[in-house]
Structures are given as C-alpha cells and as structure tokens.
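Quick notes on the structure that follows.
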Amino acid sequence: MSRLWSLALLLTLAGCVRSDFNLATQRQEYTLTSTDKEVEIGRKLARRVERELTLVPDEAMQHRVQAIGHRLAEVCDRRELVYSFAVVKDDDVNAFSLPGGYVFLNEGLIKKTSGDDELAGVIAHEIAHIAARHAVSRYESSLGMQIVQLATLASGGGQAAGGVSVAAQAAQLAYARDAELEADRLGVKYTKAAGFDPSAMLTFLETLHEEDRGKSHYLPRGVVRPYYAATHPFVPERLRAVKEAIYGVADYIDYLNTPN
Ligand SMILES: [Zn+2]
C-alpha cells in the first residue's frame with residue numbers, strides 16, 4: 001500500500017466533507033455522504049433485500065404497516081426523505097432500516113406485537129435510525145478507521161495497526177449501543193407526536209426481554225451469554241432509556257437490573 005495513495009484518498013475525502021445540523025441528534029455533523037448519495041445507496045440495498053427476501057403477499061398487513069409508518073414519518077425529524085415500509089417473510093422477531101428511508105419488518109415481529117401502538121413503537125425506532133443517520137455515520141466511521149489502519153501500515157507499524165483494529169471494534173460496539181438508545185428516545189418522541197401510546201414501546205421490549213430469557217435456559221451450564229448478543233441486545237438499558245424518555249425518570253430497580 002503506497003503512502004501516496006493513502007494521502008490521495010484522505011485529500012479526496014477531505015474535499016467532500018460537508019457539515020449539517022442533524023435535527024434528530026441535535027448535533028452539528030460532518031459527513032462525506034450527501035442525502036442524494038444516501039438515497040441512492042439505500043435504494044440499491046433495498047432492491048437487493050427485495051431480491052433475496054420474499055415480501056409477504058398479505059396486502060392488508062402491508063397496508064397496515066405502511067399507514068402506521070407514514071403517520072410516523074410525517075412527524076419525524078427528517079421529513080425530506082420518501083419513506084417506504086415493507087413486511088418480509090421471516091419468522092425471526094426483527095426489523096431493520098436502510099439509509100435513505102427504507103424500513104423492513106419481519107413477519108415474525110408483526111405476529112409478536114399486540115396492536116398498532118406496539119407496532120408503531122418498532123417502526124418509530126427504525127425511522128429514528130434513518131433520521132439520526134446512524135448507518136451512514138457508522139459506515140463513515142469504519143471508513144475513517146480503515147484510513148487510519150492504512151496509514152499505520154504504510155508507515156510500517158504493523159503492531160500498531162492491530163491495536164487500531166481492536167479499538168475500532170470496541171468503538172463500533174459502543175456506537176451500536178448508543179445508537180439503539182438514541183433510536184428508542186426518538187421513537188418515544190415520534191410515537192407521541194403521531195398520536196400513538198409510547199408506553200407500548202415498554203411492553204414490547206418486555207416481551208423481547210422475556211423471550212431472550214426463555215432462550216438462555218437452553219444454554220449449557222457455565223456458558224456465559226455474550227452481553228452484545230443476538231439481534232436485540234441491551235434490552236434492560238433500552239427499557240431504562242424508554243422509561244426516562246416517557247416519564248422523565250426510570251425506576252431505581254432498572255438501574256440495579258442493568259448489567260455493566
Ligand atoms: Zn435499532
């Protein structure tokens with residue numbers, strides 16, 4: 001890897017940096033990715049998702065999700081995007097969003113929710129990831145880390161590059177946790193503003209928590225369940241964040257239950 005090449009890449013990127021105030025995160029953010037570029041990336045990824053996964057043929061279910069989704073999108077912090085909502089055939093209790101306004105929910109998650117308010121909480125959380133540009137920042141920060149690694153390698157510091165890689169992974173985990181909590185806080189804001197009951201986010205998180213606990217019974221003795229586990233990590237912390245966002249304060253017991 002030539003040092004010149006790394007330098008050229010850095011300069012190219014530096015030339016495209018723009019600064020925007022993000023209404024969702026209330027932060028001034030520096031980014032390399034314009035909204036147009038973000039939508040283009042999101043659209044390509046969404047097409048791939050639709051090719052590889054099957055959309056549920058139940059039109060009533062799709063319409064219900066779209067109606068709730070658009071109600072929330074109208075009150076979110078990033079209204080310049082065109083949002084789309086779709087249910088995919090998958091029994092896992094999960095949902096995900098792509099940059100640029102694409103939200104996907106698994107059929108398994110819809111079946112697990114009870115009522116529109118719980119469903120609204122899940123969709124609001126996904127819209128919040130998009131409004132806060134979590135995926136874009138995450139992509140850009142990993143790109144930043146790669147540049148640091150390249151630069152370190154180029155200067156002959158192989159050992160140091162290993163250190164950077166561990167730090168990069170740690171930063172990503174911390175970032176994911178903060179992003180989840182931020183999406184929950186914004187989710188409360190959006191569900192309230194759209195006229196849904198935000199406390200349904202609590203009941204649904206509790207359902208997820210119960211499910212997680214049920215699963216852990218099948219682990220053999222002595223196996224420690226990783227803290228950053230599975231697709232719905234940090235549930236106790238998320239419960240606390242949502243309670244704080246709704247009521248302004250969390251129960252003392254929630255602090256005791258939060259693993260460190
Ligand atoms: Zn999330």
Q: Looking at (1) buried (at least 20 other Cβ atoms within 10 Å of the Cβ); (2) within 12 Å of the ligand (Cβ to nearest atom); (3) at pLDDT 90 or above, find the lone condition where E182 falls short.
A: (1)
Q: Give region 69-83 a look and list any residue that's under 19 Å from the mean Cα position of the chain (by Cα) and part of a helix (DSSP H, G or I), or say none.
A: G69, H70, L72, A73
**Q.** Checking D92 against (1) within 16 Å of the ligand (Cβ to nearest atom); (2) at pLDDT 90 or above, the condition it does not meet
**A.** (2)
Q) Which residue out of T33, T12 is part of a loop (DSSP other than H, G, I, E, B), modelled with pLDDT under 90 and either touching a helix residue (DSSP H, G or I) at 6+ places or on another chain (Cβ under 8 Å) or not small (G, A, S) (or both)? A) T33
**Q.** Single unsatisfied condition, K111 versus (1) of a type in the set (K, R); (2) without any contact (Cβ under 8 Å) to a residue 24 or more places away in the chain; (3) buried (at least 21 other Cβ atoms within 10 Å of the Cβ)
**A.** (3)
(Q) Going through V49, V65 one at a time, which residue ends up being within 19 Å of the chain's Cα centre (by Cα), in a helix (DSSP H, G or I) and at pLDDT below 90? (A) V49
Q.
If I filter region 108-128 for residues that are assigned to a helix (DSSP H, G or I), of a type in the set (V, I, T) and either within 19 Å of D36 (Cα to Cα) or in contact with a His (Cβ under 9 Å, 6 or more places away or on another chain) (or both), do I get at least one hit?
A. yes
Q) Among the residues of region 126-138, is there at least one that is surrounded by fewer than 18 Cβ atoms within 10 Å (Cβ to Cβ), more than 18 Å from the chain's Cα centre (by Cα), farther than 21 Å from D197 by Cβ and not aliphatic (A, V, I, L, M)? A) no
(Q) Give me the residue from region 100-141 that is touching a strand residue (DSSP E or B) at 6+ places or on another chain (Cβ under 7 Å) and over 20 Å from G42 (Cβ atoms) and, out of that set, nearest to the ligand (Cβ to nearest atom). (A) L109
Q: Determine if region 32-51 includes at least one residue that is crowded, with 17+ Cβ neighbours inside 10 Å, of a type in the set (D, E) and away from the ligand (no atom under 16 Å from the Cβ).
A: yes
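The values are calculated or read from the model by the stated rules, or taken from the named source; none is laboratory data. Keep in mind the model is a prediction, meaning the values are calculated, not measured. With ideal geometry, Cβ positions are generated from the backbone for all residues, glycine too; neighbour counts draw on all protein chains shown.
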